[in-house]
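Okay, so here's the structure we're looking at.
Derivation of every value follows stated rules applied to the coordinates shown; laboratory data play no part. Just so we're clear, the structure is a prediction, and the values are computed from it rather than from any experiment. Neighbour counts run over all protein chains shown; Cβ positions are idealised from the backbone, glycine included.
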Amino acid sequence: MNARKASVTRDTRETQIRVELNLDGSGQSRFQTGVPFLDHMLDQIARHGLIDIVVEANGDRHIDDHHTVEDIGITLGQAFDKAVGDKKGIFRYGHAYVPLDEALSRVVIDLSGRPGLEYGVEFPRARIGEFDVDLFREFFQGFVNHAKVTLHIDNLRGRNAHHIIETVFKAFGRALRMAVERDTRLGDVMPSTKGTL
């Protein structure tokens, strides 16, 4: 059974990002991004997705966090696409509902080979601590574009902004975990009538 691991580096005039990914991990993680709240959310992906993730990032944070957050999403997407390989024998689809107190979110993913994001999340405030909540969409858009997946994210209810986004990231991790799981009934067959993804 091939190891589903990847290491990707992205070096631009705005950011320097390195991501290591193991889809068959145990949820171990290490983050050095300079954006503490994003580190907290990335940890949700690792723990709930049982994916080992390392992210090291330096960016032009003296301007703001935008480029750093977006480029981490891009690089994580590139690493995911590389690690998942040819997609033979996987479930392909994943979904999860996750509650946290009053908040409830749903994430559905298709490892379709086609990037698409539907993002239905509204926040009751513009910032969580120092973090601009608009950047979450940029993170997911960067991931989707480079992982080449279709991703639907919906917050169904919630009043607390922290609870809302935490349910999203936990559900995202769990949906990823389901989608990349090996389907023993499928064997080494591509999960598509086209024969390719």
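Observations on the structure shown:
- Top-ranked residue of segment 1-46 - restricted to ones that are polar (S, T, N, Q) and in a strand (DSSP E or B), ranked as surrounded by the fewest Cβ atoms within 10 Å (Cβ to Cβ): Gln32
- Any hit, segment 173-189, residues being in contact (Cβ under 8 Å) with a residue 40 or more places away in the chain, farther than 30 Å from Pro124 by Cβ, of a type in the set (D, E, K, R) and surrounded by 14 or more Cβ atoms within 10 Å (Cβ to Cβ): yes
- Looking at Arg137, Arg157, Arg174, just one residue is farther than 21 Å from Leu42 by Cα and in contact with a strand residue (DSSP E or B) (Cβ under 6 Å, 6 or more places away or on another chain), and that residue is Arg157.
- If you check Phe123, Phe143 for being aromatic (Phe, Trp, Tyr) and part of a helix (DSSP H, G or I), only one passes: Phe143.
- Considering segment 151-167, the residues that are surrounded by 24 or more Cβ atoms within 10 Å (Cβ to Cβ) and assigned to a helix (DSSP H, G or I) include one that is farthest from the chain's Cα centre (by Cα), namely Ile164.
- Inter-residue pairs, beta-carbon under 6 Å, first over 25 Å from Lys194 (Cβ atoms) and in segment 105-133, second in a strand (DSSP E or B) and of a type in the set (Phe, Trp, Tyr), 6+ apart: Arg106/Tyr97
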